[in-house]
Amino acid sequence: MLVNLRQELVEAQKIAAKEDLKFNVGDIEVELQFTTTMEAQGKGGVKFWVYNAEAGGKLSSQTLHKIKLSLKPELPGGGDVKISDKRKRPK
């Protein structure tokens, strides 16, 4: 995900080099969310020719995790990162 964000910023920076109007990039906040699920299941039973008895149970638990990153873009020589949102769109 961060690789994609970096690629998008590099692309916007290249486009900005050709434009008169540019935007400085400030802090970038990225929030990631993912869910983990734990599940346990048990089942038992007895079968006779015409009689069937079963018992079962299931236990499930979900946890939502959030990670929030605050990023500040940095150029190798320092200074503000300037970008543009113009992009060549496929026809």
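The values are calculated or read from the model by the stated rules, or taken from the named source; none is laboratory data. The structure presented is a predicted model; accordingly, all values stated were derived computationally and were not measured. Positions of Cβ are backbone-derived with ideal geometry, glycine not excepted, and every protein chain shown enters the neighbour counts.
What the table shows:
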| read-out | value |
| --- | --- |
| Per-region count, the stretch 52-73, residues of a type outside the set (Gly, Ala, Ser), within 22 Å of the chain's Cα centre (by Cα) and exposed (fewer than 10 other Cβ atoms within 10 Å of the Cβ) | 8 |
| Residue 31 touching a residue at least 60 places away in the same chain (Cβ under 8 Å) and either surrounded by 10 or more Cβ atoms within 10 Å (Cβ to Cβ) or acidic (Asp, Glu) (or both) | no |
| Single unsatisfied condition, residue 46 versus (1) over 30 Å from residue 81 (Cα atoms); (2) under 16 Å from the mean Cα position of the chain (by Cα); (3) at pLDDT below 80 | (2) |
